[in-house]
Amino acid sequence: MRVMRKEAGSSQKKSVYGESMETFHRAADLVGLNPRVRLELEEPDFEHIFYVTIDTRDRLVPLDKDEEKHFLDLPASSVKAGDALEPLANGNFLLHRRALLNADIALREGVIRIPKRGLFRIERGGPRKFKAYRIQHNQVRGPYKGGIRYHKDVSLDLFKTLAAEMTWKTAIANIPFGGAKGGIRVDPHAFSREEIEHLTLRYVYKFKNYMGPTMDIPAPDVGTNGDIMAVMLRQYTDGERDKHALKGVVTGKDVRIGGSEGRVMATGQGAVYCIEEWARVTGFPLQGARVLVQGFGNVGSAAAQLLAAHGCKIVAVDDAYGTVHADAGIDVAALLAYCHGNPENLRHSVAGFPGAAAISKADFWKADADIALPAALGGAIDGEVAEGLRVRVVAEGANGPVTLDGDRILAARKIDVIPDIICNAGGVTVSYYEWLQNQRMEHWTEQDVNARLERAIKSNYAIIRDIANDKPARTNEHDSRPFCIGRQVDMRAAAMVLALKRIEAHYLLEGFSN
Ligand code: NAD
């Protein structure tokens, strides 16, 4: 699935959803999709938009340089800092009232000087309202399934796009789920852990009637994680008689509370299984292959670790706050410790990593490499970036990282693309294993999980490749004969053909209730 423009901050009027459905319509034409099924899939089943409110705490916001001039003579206050001044990832501090206990305060025009930290304006907290979404795209194959995103630039248009993508992805992964996506328009870096927890509680409180282990099953996405899933689980199950039967209401949980072994790495692992298949078929050796990774969060960091273990060299990593490059290869374990094992690094960013040189985002995409793994947000590889790329394959770890223009240029330049709907399907596949384990009250080993995942990803990838090459085949691992369409198509269209054929079967065999 592709989006024409960047998700973040764009003011263009064109709908991301409309553009992203281009592949759907192309594949629907190719398979001669039943017209009523096309209508069913063209728009989501339900678009839930609602509001959540929370009480926020007072904050200390750093003064800018111009403002500081007026407070040079303000004496420092001796506040009880420690955990009473809670640092936020955006540079602000949360002011817990206990900071003022026995404090010696000098306050002028609402400005305070904190020793070793500088000048801050105290901003009053209070009630705040946030827009929340859950788009339930389709459930013909099973309960709605999809991530929860906390980000400042989300919109109905974007969530519709991502929810539809889940419908295609669950069909391609051949798991009995439909597609959904949702979240909250919020910058999680501007709020404390406690405030985000309250936001999550309110989200579940309002949405509870529409979710459930056999109805709609959220998972982590950008800006959310296993901790947030734990809060959702608690809010959903608290006080329920049969709470243990409801564990599967969210996936991506910590393994200690019903999560699956292998889930944290699963999306990256799935992308790496796809890259392995690509390398095997094209005869490209992964040992020594040079890799660009965009995004060093859940997907990017897991894929980077696994590729490094294959002997690949991660030559550059780009994230929201910086880009680092080392021609001889970055020490991934050290970068991981720097970003995710370091409490000082509140943004979990690669910026400032001492083991590599800082470069610009533009130079990142032009770096000499074999594999590009965009694993951040959508729209990263537009036409201009695609022109400059010097890789053989783009493995779409993120959702929709290549725009329509980017796609055209990559095709013209004969750079392969492993489409997102198969490349990042590892996460939802292991989410399904987690859900199965919860329903059955089982706990599988990591080896079991990965063996199943590898079979699932590689066999579905092989079907998509056969559709693309129009080479129907049956092996012990896969059977592409029912899906090939009598002509060759690009990999993206091939993936969508597989999704549509699997989805359409439900409508054709079960029929419509009238
Ligand atoms: P995450 O929040 O853990 O990490 C996101 C990363 O992207 C961070 O390193 C962040 O700094 C970086 N980033 C954000 N904006 C950026 C920008 N403008 N330029 C460069 N980097 C930027 O998120 P995640 O869970 O790793 O998800 C990444 C992508 O993968 C998303 O598109 C998500 O929808 C998709 N995805 C995730 C999963 C999953 O299981 N987590 C599954 C399928 C797809």
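Can you find even one residue in the stretch 481-489 that is at pLDDT 95 or above, among the polar types (S, T, N, Q) and within 16 Å of the ligand (Cβ to nearest atom)?
Among the residues of the stretch 481-489, not one is at pLDDT 95 or above, among the polar types (S, T, N, Q) and within 16 Å of the ligand (Cβ to nearest atom), which makes the answer no.
State which residue is surrounded by the most Cβ atoms within 10 Å (Cβ to Cβ) when the search covers only the stretch 131-148 and only residues that are closer than 15 Å to residue 212 by Cβ and among the charged types (D, E, K, R).
The qualifying residue surrounded by the most Cβ atoms within 10 Å (Cβ to Cβ) is 145.
Within the stretch 181-190, identify whether any single residue is under 16 Å from residue 16 (Cβ atoms) and touching a Leu at 6+ places or on another chain (Cβ under 8 Å), and answer yes or no.
yes
Give the residues of the stretch 311-343 that are surrounded by fewer than 13 Cβ atoms within 10 Å (Cβ to Cβ) and in contact with a strand residue (DSSP E or B) (Cβ under 9 Å, 6 or more places away or on another chain), sorted by residue number.
328 - this is the single residue of the stretch 311-343 that is surrounded by fewer than 13 Cβ atoms within 10 Å (Cβ to Cβ) and in contact with a strand residue (DSSP E or B) (Cβ under 9 Å, 6 or more places away or on another chain).
If you go through the stretch 184-199 one residue at a time, do you hit one that is open to solvent by 80 Å² or more (accessible area, probe 1.4 Å) and either polar (S, T, N, Q) or within 24 Å of residue 266 (Cβ to Cβ) (or both)?
no
Would you call residue 29 open to solvent by 80 Å² or more (accessible area, probe 1.4 Å) and at pLDDT below 95?
Against the criterion (open to solvent by 80 Å² or more (accessible area, probe 1.4 Å) and at pLDDT below 95), residue 29 does not qualify.
For the stretch 387-459, which fully contained helices (runs of 4 or more DSSP H) count at least 1 residues that are of a type in the set (A, V, I, L, M) and within 30 Å of residue 243 (Cα to Cα)? Reasoning before the result, please.
Numbers: elements: 404-412, 420-423, 426-440.
In the stretch 387-459, 426-440 are the helices (runs of 4 or more DSSP H) which contain 1 or more residues that are of a type in the set (A, V, I, L, M) and within 30 Å of residue 243 (Cα to Cα).
Can you give me the number of residues within the stretch 232-242 that are open to solvent by 80 Å² or more (accessible area, probe 1.4 Å) and either under 27 Å from residue 348 (Cβ atoms) or touching a Leu at 6+ places or on another chain (Cβ under 9 Å) (or both)?
Of the residues in that region, 1 qualify.
Among the candidates 494, 462, 451, single out the residue that is under 18 Å from residue 425 (Cα atoms), open to solvent by 30 Å² or more (accessible area, probe 1.4 Å) and within 25 Å of the chain's Cα centre (by Cα).
Only one candidate passes the filter, namely 451.
Name the residues in the stretch 270-281 that are open to solvent by 20 Å² or more (accessible area, probe 1.4 Å) and either within 12 Å of the ligand (Cβ to nearest atom) or among the basic types (Lys, Arg) (or both), would you?
Answer for the stretch 270-281, where residues must be open to solvent by 20 Å² or more (accessible area, probe 1.4 Å) and either within 12 Å of the ligand (Cβ to nearest atom) or among the basic types (Lys, Arg) (or both): just 280.
Residue check: is residue 101 open to solvent by 10 Å² or more (accessible area, probe 1.4 Å) and either out of contact with any Cys (no Cβ under 9 Å at 6 or more places or on another chain) or within 14 Å of the ligand (Cβ to nearest atom) (or both)?
When the stated conditions are applied, residue 101 passes them.
Condition first: more than 16 Å from the ligand (Cβ to nearest atom) and among the hydrophobic types (A, V, I, L, M, F, W, C). Can you find one or more residues in the stretch 427-434 that meet it?
Within the stretch 427-434, none of the residues are more than 16 Å from the ligand (Cβ to nearest atom) and among the hydrophobic types (A, V, I, L, M, F, W, C).
Does residue 221 satisfy the condition of being at pLDDT 95 or above, within 16 Å of the ligand (Cβ to nearest atom) and open to solvent by 30 Å² or more (accessible area, probe 1.4 Å)?
So residue 221 fails the test.
Looking at this structure, is residue 411 in contact with a strand residue (DSSP E or B) (Cβ under 9 Å, 6 or more places away or on another chain), over 15 Å from residue 499 (Cβ atoms) and surrounded by fewer than 24 Cβ atoms within 10 Å (Cβ to Cβ)?
Details: in contact with a strand residue (DSSP E or B) (Cβ under 9 Å, 6 or more places away or on another chain): yes; over 15 Å from residue 499 (Cβ atoms): yes; surrounded by fewer than 24 Cβ atoms within 10 Å (Cβ to Cβ): yes.
Taking the combined requirement at face value, the residue satisfies it.
Within the stretch 310-324, work out how many residues are touching a residue at least 40 places away in the same chain (Cβ under 8 Å), under 12 Å from residue 356 (Cα atoms) and aliphatic (A, V, I, L, M).
Total satisfying the criteria: 2.
Residues in the stretch 252-260: is at least one touching a residue at least 24 places away in the same chain (Cβ under 8 Å), farther than 30 Å from residue 155 by Cβ and hydroxyl-bearing (Ser, Thr, Tyr)?
Yes, the stretch 252-260 contains at least one residue that is touching a residue at least 24 places away in the same chain (Cβ under 8 Å), farther than 30 Å from residue 155 by Cβ and hydroxyl-bearing (Ser, Thr, Tyr).
From 229, 166, 211, which residue is touching a residue at least 12 places away in the same chain (Cβ under 8 Å), of a type in the set (A, V, I, L, M, F, W, C) and either away from the ligand (no atom under 15 Å from the Cβ) or surrounded by fewer than 17 Cβ atoms within 10 Å (Cβ to Cβ) (or both)?
Step by step, each of 229, 166, 211 is checked, and only 211 is touching a residue at least 12 places away in the same chain (Cβ under 8 Å), of a type in the set (A, V, I, L, M, F, W, C) and either away from the ligand (no atom under 15 Å from the Cβ) or surrounded by fewer than 17 Cβ atoms within 10 Å (Cβ to Cβ) (or both).
Residues being touching a Lys or Arg at 6+ places or on another chain (Cβ under 7 Å) and within 8 Å of the ligand (Cβ to nearest atom): count how many of those fall in the stretch 368-401.
Residues flagged as touching a Lys or Arg at 6+ places or on another chain (Cβ under 7 Å) and within 8 Å of the ligand (Cβ to nearest atom) within the stretch 368-401 amount to 1.
I'd like to verify a number: residues in the stretch 344-366 that are at pLDDT 95 or above, open to solvent by less than 80 Å² (accessible area, probe 1.4 Å) and of a type in the set (A, V, I, L, M), how many?
5
With the structure loaded, tell me whether residue 355 is closer than 21 Å to residue 289 by Cα and touching a helix residue (DSSP H, G or I) at 6+ places or on another chain (Cβ under 9 Å) or whether it fails that test.
On the way: closer than 21 Å to residue 289 by Cα: yes; touching a helix residue (DSSP H, G or I) at 6+ places or on another chain (Cβ under 9 Å): yes.
So residue 355 passes the test.
Could you please find all residues in the stretch 368-386 being of a type outside the set (A, V, I, L, M, F, W, C), open to solvent by 20 Å² or more (accessible area, probe 1.4 Å) and in a loop (DSSP other than H, G, I, E, B)?
368, 370, 382
Identify, please: which residue in the stretch 141-156 is within 11 Å of residue 182 (Cα to Cα), outside any strand (DSSP E or B) and not small (Gly, Ala, Ser) and is, among those, farthest from the ligand (Cβ to nearest atom)?
Filtering the stretch 141-156 for residues that are within 11 Å of residue 182 (Cα to Cα), outside any strand (DSSP E or B) and not small (Gly, Ala, Ser), the one farthest from the ligand (Cβ to nearest atom) comes out as 156.
The values are calculated or read from the model by the stated rules, or taken from the named source; none is laboratory data. Since the model is a prediction, treat every value here as computed from it, not as a measurement. FYI the Cβ positions are ideal-geometry reconstructions off the backbone, even for glycines, and counts take in every protein chain you see. Accessible surface areas use protein heavy atoms only, side chains included; no ligands, DNA or RNA. Shrake-Rupley method; radii C 1.70, N 1.55, O 1.52, S 1.80 Å.
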